[in-house]
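Chemist: Got a structure for you, questions after.
The values are calculated or read from the model by the stated rules, or taken from the named source; none is laboratory data. Predicted model, so just to flag it, every value in this text is computed and none were measured. In this analysis, Cβ positions are derived from the backbone assuming ideal geometry, glycine residues included, and neighbour counts consider all displayed protein chains. Each accessible area value is taken on the protein alone, full model and side chains, heavy atoms only, with ligands, DNA and RNA left out. Shrake-Rupley method; radii C 1.70, N 1.55, O 1.52, S 1.80 Å.
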Amino acid sequence: MVVEYNDKGELTIGGTSLKTIAQSFGTPTIVYDETQIRTQMRRFHEAFQKSELNYNISYASKAFTCLQMVKLVEEEGLELDVVSEGELYTALAAGFDAQHIHFHGNNKTKREIQYALKSKVGYIVIDSLEEIDLINRYASEEVNVVLRLNPGVEAHTHEFIQTGQEDSKFGLSIKHGLAIEGVKKVKDAKRLNLKGVHFHVGSQIEGTEAMIETTKLVVQWLKENDIQIELINLGGGFSIKYVEGDVSFPIEDGIAEITEAIKTIAQEADYPIPEIGIEPGRSIVGEAGITLYEVGTIKDIPNVNKYVSIDGGMSDHIRTSLYDAKYEALLVNRNDPKDETVTLAGKLCESGDIIIKDAQLPSTVKRGDYLAILSTGAYHYSMASNYNQMQKPSVFFLKDGKAREVIKRQSLRQLIINDTK
Ligand SMILES: *Cc1c(COP(=O)(O)O)cnc(C)c1O
């Protein structure tokens with residue numbers, strides 16, 4: 001996505017002035033470059049097509065979902081992961097084909113299991129031994145299931161740790177025997193068909209080592225236990241660039257490396273290559289989205305710090321307070337040099353409500369200016385809350401110089417719609 005200043009000194013995306021967007025539609029607002037979202041989806045498709053393996057790409061709804069987003073996913077030929085009644089409802093309301101929906105979650109409620117079954121989702125990802133009984137009990141016909149494994153592997157941005165993640169609420173541990181017990185239980189369950197296995201080793205992973213090593217471990221385990229399946233799903237977690245120094249997962253080279261490695265692993269283990277699934281979320285929408293805010297109070301505490309506050313905060317941007325995540329801010333309405341380090345703060349009643357702790361900004365920034373925070377397309381709107389009765393922001397998709405509203409700003413009325421009088 002090209003974010004650049006035009007000759008009037010206004011920040012633009014694909015030629016559209018973000019100042020105009022902020023002035024016309026108000027702030028805070030989240031703006032996506034629709035072309036960029038589609039490009040990311042197509043890059044994954046093309047990389048897999050080159051491998052000539054059977055594959056499916058499933059977008060993880062939790063990164064950002066709404067009716068128009070689901071429609072994009074459908075138009076680009078991806079499948080869809082959901083983890084709750086609400087995400088499934090959104091997908092179905094957008095007209096998404098249930099056969100291409102996968103239902104995840106470590107504690108699916110009875111209602112959710114029944115809803116998934118009734119909707120005839122493509123498969124349910126089993127996350128516990130108990131769930132096998134529950135699904136079998138509620139199913140009235142054969143249902144495809146995929147077992148989520150805990151391979152005892154954890155991937156961090158720069159490192160890969162084996163036995164790092166045995167203590168986890170997700171999946172069935174291979175090492176501690178839960179996975180094999182799960183396979184036996186599924187085979188004994190009358191209405192369940194074991195379609196495949198799944199793992200997800202982490203988020204914001206820059207390299208391919210963790211996925212490749214985990215696939216190897218899983219294929220060896222399948223072979224040793226003589227388990228035949230149609231699908232291995234490698235999960236998501238492909239990294240994006242938030243700030244200088246971060247690496248966006250190299251989709252073309254990375255998928256080529258992974259698929260080539262899978263061919264070798266299968267050959268060495270003498271195991272037929274099943275369909276390969278992935279579940280990208282962040283890497284599809286993360287870099288394609290930015291948040292626009294208006295600057296309000298500026299507080300300069302001599303020899304201590306300067307706080308620049310904006311008209312949103314942890315209600316629409318929780319990742320800084322939650323994970324100490326890093327972001328870059330750009331002044332939208334003037335192209336002035338970044339010559340100062342300040343703390344960019346939200347307006348909510350928590351000292352921890354910070355957007356960027358050490359933000360590089362022009363010292364000319366003043367009340368009424370607009371700021372853009374880059375790479376806020378994933379886990380921003382979807383994590384938004386009404387803390388302090390803040391209204392959730394509006395969301396726009398930009399394409400061919402036009403902005404189309406895909407989510408309206410929450411109204412004040414909506415804040416009390418469920419309150420009884
Ligand atoms: C969160 C999650 C994803 C998506 O992760 P990203 O980091 O957004 O790519 C995919 N699969 C599972 C099971 C997840 O929990």
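Chemist: From the backbone phi of segment 253-269, what are the Karplus-calculated ³J(HN,Hα) couplings (6.51 cos²θ - 1.76 cosθ + 1.60, θ = phi - 60°) in whole Hz, Gly and Pro given as x?
Modeler: Result, ordered by residue: 5, x, 5, 4, 4, 5, 5, 5, 4, 4, 4, 5, 4, 5, 5, 5, 8 Hz.
Chemist: State the extension gain, in nm to one decimal, for the chain segment bounded by residue 89 and residue 175, taking 0.36 nm per residue of separation less the distance between their alpha-carbons.
Modeler: Result for the pair: 27.4 nm of gain on full extension.
Chemist: Return the calculated 222 nm mean residue ellipticity for the chain, to the nearest 500 deg cm²/dmol, obtained by summing -39500 (n - 2.57) across DSSP H runs with n ≥ 4 and dividing by the residue count. It would help to have the intermediate numbers written out before the result.
Modeler: Values: 12 runs with 123 residues, N = 421.
That comes out to -8500 deg cm²/dmol.
Chemist: Above 21 angstrom, tally the Cα pairs of segment 291-421 and express them as a % of all pairs, no decimals.
Modeler: Working: 3681 of 8515 pairs.
Every Cα pair in segment 291-421 considered, those over 21 Å come to 43 percent.
Chemist: Between residue 332 and residues 5 or more places away or on another chain, which pairs have amide H atoms under 5 Å apart, with H built 1.01 Å from N, and which residues are they?
Modeler: Correct list: 370, 371, 372.
Chemist: Give me the aspartates and glutamates in straight-line cross-link reach of residue 399: C-alpha distance below 13 Å, same-chain residues under 8 apart excluded.
Modeler: Residue 399 reaches 33, 34.
Chemist: Taking only C-alpha pairs under 8 Å that are 6+ residues apart, what is the relative contact order of segment 355-414 in percent?
Modeler: Across segment 355-414, relative contact order equals 20 percent.
Chemist: Right, next: Given all pairs of different Cα atoms, what value in angstroms does the Kirkwood hydrodynamic radius of the chain take?
Modeler: On the way: mean 1/r = 0.0438 Å⁻¹.
Roughly 22.9 Å, rounded to one decimal.
Chemist: Hey, can you find the accessible area per residue of segment 359-421 for me, probe 1.4 Å, expressed in square angstrom?
Modeler: Details: 3450 Å² over 63 residues.
Spelled out: the 1.4 Å probe surface of segment 359-421, per residue, equals 55 Å².
Chemist: What is the distance in Å between the Cα centroid of segment 353-421 and that of segment 109-150?
Modeler: A separation of 36 Å, based on Cα centres.
Chemist: Between residue 419 and residue 46, what is the label-point separation in nm under the 7 Å Cα-to-beta-carbon projection?
Modeler: A separation of 5.2 nm, rounded to one decimal place.
Chemist: Then there's this: Students sometimes get this wrong: rank 248, 140, 173 by accessible area, probe 1.4 Å, all chains present, largest first.
Modeler: Working: 248 50, 140 110, 173 10 Å².
Putting 248, 140, 173 in descending order of accessible area: 140, 248, 173.
Chemist: Sticking with the crude label model, points 7 Å out along Cα→Cβ, report the distance from residue 246 to residue 225 in nm, one decimal please.
Modeler: About 3.6 nm, to one decimal.
Chemist: Could you grab the Rg to Rh ratio for segment 175-253? Cα atoms only, Kirkwood for Rh. Intermediate results must be reported in sequence, preceding the final value.
Modeler: Details: Rg = 16.0 Å, Rh = 14.6 Å.
Over the Cα atoms of segment 175-253, Rg/Rh equals 1.10.
Chemist: A further question on this structure: Please state the relative contact order of the chain as a whole percent: Cα pairs under 8 Å, 6+ residues apart?
Modeler: 19 percent
Chemist: Compute the FRET efficiency between residue 111 and residue 23 as 1/(1 + (r/R0)^6), taking r as their Cβ-Cβ distance and R0 = 41 Å, and round to the nearest 0.05.
Modeler: FRET efficiency, residue 111 to residue 23: 0.40.
Chemist: Would you calculate the separation in nanometres between label points at residue 326 and residue 187, each defined as 7 Å from the Cα along the Cα-to-beta-carbon direction?
Modeler: Inter-label distance under the simple model: 4.9 nm.
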